[in-house]
Amino acid sequence: MIQQLQQYKTILLLGILIIFHTVGLIGLQSDMRQDFLQLSFLNLSLAFIVLLVGREKHSLRFYLYAFFIVLTGMTAEWIGVHTGQLFGNYSYGENLGIKIWGVPIIIGINWLILTMGSTSILAFTKWPLVVKAMASAVLMTALDLLIEPVAIANEYWMWEGDIPSFNYLSWFFISLVLHLGYFALGLAEKNKVAVGLFFILSLFFICLL
């Protein structure tokens with residue numbers, strides 16, 4: 001009975017994610033594009049809430065490490081925005097909501113969303129911890145490759161010149177460290193909602209290329 005309820009919850013949550021991203025995809029390609037851009041913060045916030053609801057195990061350890069991921073993401077982005085180190089010279093636009101020192105809050109949360117999604121995919125494997133962490137970091141970096149042109153076109157962030165190659169190297173190595181900790185602490189779940197969201201996001205950005 002409990003397993004059946006869990007299946008229904010998974011289907012419901014995936015349905016919510018599909019509906020919201022489909023509406024967003026249509027909206028961003030319509031005459032109301034600018035209005036939908038302003039809802040980007042809301043859409044990512046909803047995705048985050050769905051991920052938390054869909055998670056099977058909740059613990060203080062998970063929430064403490066989740067906060068660490070958000071803080072690490074925000075710190076890395078702050079360094080990037082204010083120094084040009086790590087990622088290159090770029091700045092955030094106004095379509096991602098409230099900022100703290102030039103970095104939208106939702107960006108830190110997005111680091112957590114992508115970490116939960118990519119590690120859930122590898123949680124289905126029996127590979128060694130280090131291999132799983134490296135593979136999930138590759139997935140997360142690959143998704144960033146898809147996000148970049150769409151983000152620039154929609155003024156989520158702007159680059160001064162071309163995107164430097166070390167942007168992706170920094171994404172890989174920072175996410176690798178976060179993923180190593182996530183797996184080592186036993187926080188990765190075989191979570192179909194998290195896996196589904198990762199593929200929904202991938203398809204979403206592919207359609208917007």
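Computed from the coordinates by the stated procedures, all read-outs in this text should not be read as laboratory data. As the structure is a prediction and not an experimental result, all values here were calculated from the model. Using ideal geometry, Cβ is built from the backbone for each residue, glycine included, and neighbour counts are taken over all protein chains shown.
Some notes on this structure:
- Calculated [θ] (222 nm, deg cm²/dmol) that DSSP helices of n ≥ 4 give over the chain, each run adding -39,500 (n - 2.57): -24500 deg cm²/dmol
- Between I11 and K126, the FRET efficiency estimated from the beta carbon spacing at R0 = 25 angstrom works out to 0.40.
- Magnitude of the charge dipole, the chain, Cβ model with Lys/Arg +1 and Asp/Glu -1, debye to 20: 980 debye
- Cα shape, the range 1-104, gyration tensor, a/c 1.5 rule: oblate
- Each residue in I206, I152 was given a count of other beta-carbon atoms within 10 angstrom of its own, and listing them fewest first yields I206, I152.
- Dimensionless Rg ratio for the range 89-180, taking C-alpha atoms and the 2.2 N^0.38 Å reference: 1.16
- Given charges at beta-carbon only (K, R positive; D, E negative), |dipole| of the range 1-85 in Debye: 340 debye
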